[in-house]
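Working notes, beginning with the structure itself.
The values are calculated or read from the model by the stated rules, or taken from the named source; none is laboratory data. From a predicted model like this one, the values you see are computed outputs, not experimental measurements. All Cβ positions, even for glycine, are placed from backbone atoms using ideal geometry, and neighbour counts span all protein chains on display. Only protein heavy atoms, including side chains, enter the accessible area calculation; ligands, DNA and RNA are left aside. Shrake-Rupley method; radii C 1.70, N 1.55, O 1.52, S 1.80 Å.
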Amino acid sequence: MRNQWDVELSFEEDGVNTHCDARLVGTRAPNLHGHGDAVRSAEDRPLARIGEEVAAWRALDDLSHKLRAQASGEIQDEGHRPGYLVY
């Protein structure tokens, strides 16, 4: 069996604040979203790329924590015992 999930990142920026939404997409992908924000300091040069990178990192980190929590919960539900993920 082959399955594929993709991560879709979308950004909103206003020159100071950058917001990123990370979403898993695919036929069998769980319906999970992560969110991340970055704020440009007044002393920083206005480089949108850096704000996007920081916001994406935070959104992907949030998404990974949600995915781990969901998987752990499903392990517990299936086994009716505490689930321990080894990583």
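For segment 1-32, taking the residues that are of a type in the set (D, E, K, R) and open to solvent by 50 Å² or more (accessible area, probe 1.4 Å), the one that is nearest to Arg68 (Cα to Cα) is identified as Arg23. Scanning segment 21-34 for any residue that is under 20 Å from the mean Cα position of the chain (by Cα), of a type in the set (Ser, Thr, Tyr) and either at pLDDT 90 or above or at negative phi (or both) turns up at least one such residue. When His35 is tested against (1) touching a residue at least 40 places away in the same chain (Cβ under 8 Å); (2) surrounded by fewer than 16 Cβ atoms within 10 Å (Cβ to Cβ); (3) in a strand (DSSP E or B), just one condition goes unmet, and that condition is (1). With respect to (1) touching a strand residue (DSSP E or B) at 6+ places or on another chain (Cβ under 6 Å); (2) part of a helix (DSSP H, G or I); (3) open to solvent by 70 Å² or more (accessible area, probe 1.4 Å), the lone exception for Ala59 is condition (3).
Could you look through segment 65-80, keep only residues that are polar (S, T, N, Q) and touching a residue at least 12 places away in the same chain (Cβ under 8 Å), and pick out the one that is nearest to Pro30 (Cα to Cα)? Spell out how you get there, then give the answer.
Restricting attention to segment 65-80, the residues satisfying the condition of being polar (S, T, N, Q) are 70, 72, 76.
From what's left, touching a residue at least 12 places away in the same chain (Cβ under 8 Å): 70, 72.
Numbers: Gln70: 9, Ser72: 14 Å.
Residue satisfying both the conditions and the ranking: Gln70.
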